[in-house]
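The values are calculated or read from the model by the stated rules, or taken from the named source; none is laboratory data. What you see is a predicted model; the values in this text were computed from it and never measured. A quick note on method: Cβ atoms are made from the backbone with ideal geometry, for glycine too, and the neighbour counts reach across all protein chains shown. Heavy atoms of the whole protein, side chains included, go into the accessibility calculation; ligands, DNA and RNA do not. Shrake-Rupley method; radii C 1.70, N 1.55, O 1.52, S 1.80 Å.
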Amino acid sequence: MKKQGIKIVTIGGGSSYTPELVEGFILRHAHLPVRELWLVDIEAGREKLEIVGNLAKRMVEKAGVDMKIHLSYDRREALPGADFVTTQMRVGLLDARIKDERIPLSLGMLGQETNGAGGMFKALRTIPVILDIVKDIQELCPNAWLLNFTNPAAMVTEAISRYTDYKRAIGLCNLPVGLIAAFANLLEVDSERVSMEIQGSNHFVYATDVFVDGESVFDEMMNQYIANEANETMTNIHGIEFSSDFIRGLGAIPCSYHNYYYHHSEQLEAQLKEYEEGAVRAQFVKDVEDELFELYKDENLAVKPKQLELRGGALYSDAACNLIDSIYNNKGDIQYVDVPNNGTVSSLPNDAVIETACIITKNGPKPIAIGEFNPEINGQIQMIKTFERLVVEAAVTGSRAKAITALNLNPLIPSDDLANKVFDALLEAHLDYLPQFA
């Protein structure tokens, strides 16, 4: 790393999440000396980038830290000399997410931005763009670490793993951070003392062991989880209690996104009701984002506003900034990231990307070996990983056949007929962002 400080480039810098990222760098500046933060966006995002960029500059000035904020609409201008690149973009903006949710619902199936048909189309739009970014990184800052926060994180990271020779990409998500916080709360201990073993993929991960100070407390954790009906969910998910027999038989604690699979009928019913009332989650998020940007415009605002927590994705700064901090300072702590399997679990190919516990060093994440997936959850994970693999292949090759097969493997898609219908409808809606299928 550069002795004069760290250069970070954030692609998708006009995101409403950016103030939390900036706050994270400010809070860590004494031991994570970010001297340059480049916020990069596309021309269509100019207004938002200007608003967020000015807020970021006010935050840095108020904090009194030596950090220069640059705004750019050309990532090739920003990338040279970068130590870390973060991606937090949405191809097609929130209007594309609204379509990803509304179109499946119009056909009577779940609409969700990272799962099912909506999640697939987000991947199809995003993966080619990310692969182009990786080409630029390899040319202009080949030693930089890429931290991908763009969803669907596992599929995006797997595309990089399988279709490039770039080995410094890491996927990350705030969900494991939330799980740790929930477990610490139930166990009434400080979250820094808690770690866990997780098995699965991003947004389809199970906690299979929980530790306090390195000692397993999983039996106690399971009892607390069941007794307190502590089905912690993300902001964007209707939480439904899992039965105690199911949790005990599973021998694992599902993440909140498993609500879509294990409570499919109830989730679909709730979503269809919202859809019939003219509302979907993405529209709520867009309204919240509009409110946030109105707040961000206030020239007297120089801190991250509390309302950002309503946006979902809270704890981003903990996920992204902690990872950068640990790599830069060679901390050797445990974090939960998306990386190529490479033998970490014997149940999947080496090039499959998994979300798993890793020791974070200056040389990147070192996954902690698991062995085989637990048999109670192995089948579900295998199914989702096959779905993800086919989606990645479809995104790169433009193969309709691979995409339709992927949809038929996904439990959220009821039939082959509906798989074809939802694919055609979403393809037509997003064709401008899907040249590989033209």
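Values computed for the structure shown
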{"item": "Phi to ³J(HN,Hα) by Karplus 6.51 cos²θ - 1.76 cosθ + 1.60 over region 108-123, Hz, x for Gly, Pro", "result": "x, 10, 4, x, 8, 6, 10, 10, x, 5, x, x, 4, 6, 4, 5"}
{"item": "Anchor K48: aspartates and glutamates whose Cα lies under 17 Å away (excluding residues fewer than 8 positions away in-chain)", "result": "E20, D74, D95, D287, E289, D290, E291, E294, D298, E299"}
{"item": "Cα centre as origin, Lys/Arg/Asp/Glu Cβ charges: the chain dipole, Debye", "result": "1500"}
{"item": "Stretchable slack from D95 to N228, in nm (0.36 nm times residue separation minus alpha-carbon distance)", "result": "44.1 nm"}
{"item": "Pairwise centroid distance, computed over Cα atoms, of region 33-61 with region 247-304, Å", "result": "26"}
{"item": "DSSP-loop chymotrypsin sites (Phe, Trp or Tyr not before Pro) across region 1-43, with at most 13 other Cβ within 10 angstrom", "result": "none"}
{"item": "For region 403-419, 3J(HN,Hα) per residue [Karplus equation, 6.51 cos²θ - 1.76 cosθ + 1.60, θ = phi - 60°, Hz, x = Gly/Pro]", "result": "5, 5, 5, 4, 4, 5, 7, 7, x, 7, 10, x, 7, 4, 4, 5, 4"}
{"item": "Rg/Rg_ref, the chain, where Rg_ref = 2.2 N^0.38 Å and atoms are Cα", "result": "0.94"}
{"item": "Pairwise FRET efficiency - S415 versus R35, Cβ, R0 = 60 Å, nearest 0.05", "result": "0.60"}
{"item": "Check: region 275-359 dipole with +1 on Lys, Arg Cβ and -1 on Asp, Glu Cβ, in debye", "result": "320"}
{"item": "Protection proxy ranking of 144-150, 56-62, 189-195 - average other beta-carbon atoms within 10 Å, highest first", "result": "144-150, 56-62, 189-195"}
{"item": "Label-zone membership for region 49-83, site T164, 7 angstrom Cα→C-beta point, backbone N under 16 Å", "result": "75-83"}
{"item": "For region 5-94, the fraction of alpha-carbon pairs in successive 5 Å shells from zero, as %", "result": "3, 15, 29, 26, 18, 7, 2, 0"}
{"item": "Cross-link reach list, lysines versus K167, counting only Cα pairs under 25 Å and skipping chain neighbours closer than eight places", "result": "K2, K3, K7, K122, K135, K331, K362, K366, K385"}
{"item": "Interchain or long-range residues, amide H under 5 Å from G364's placed H", "result": "none"}
{"item": "Fraction of accessible area attributable to carbon and sulfur, region 357-406 (%, probe 1.4 Å)", "result": "53"}
{"item": "Cα→Cβ-extended label distance, 7 Å offset, between A44 and R400, nm", "result": "2.4"}
{"item": "GluC sites (Glu not before Pro) restricted to DSSP loop in region 327-436 with at most 15 other C-beta within 10 Å", "result": "E372"}
{"item": "Using θ = phi - 60° and Karplus 6.51 cos²θ - 1.76 cosθ + 1.60, couplings along region 161-171 (whole Hz; Gly, Pro as x)", "result": "5, 8, 10, 9, 9, 7, 10, 10, 9, 10, x"}
{"item": "Average accessible surface area per residue within region 112-210, 1.4 Å rolling probe, Å²", "result": "27"}
{"item": "Region 88-180 shape via C-alpha gyration tensor axes, a/c threshold 1.5", "result": "prolate"}
{"item": "Mean Cβ neighbour count within 10 Å, used as a protection proxy, ranking 71-82, 161-172, 249-260 highest first", "result": "249-260, 161-172, 71-82"}
{"item": "Positive-end residue, the chain charge dipole about Cα centroid, Cβ charges, pick of L301, I370, P176", "result": "L301"}
{"item": "Within the accessible area of region 1-128 (1.4 Å probe), percent carbon and sulfur", "result": "50"}
{"item": "Calculated FRET value between D290 and S346, using beta carbons and R₀ = 51 Å, to 0.05", "result": "0.60"}
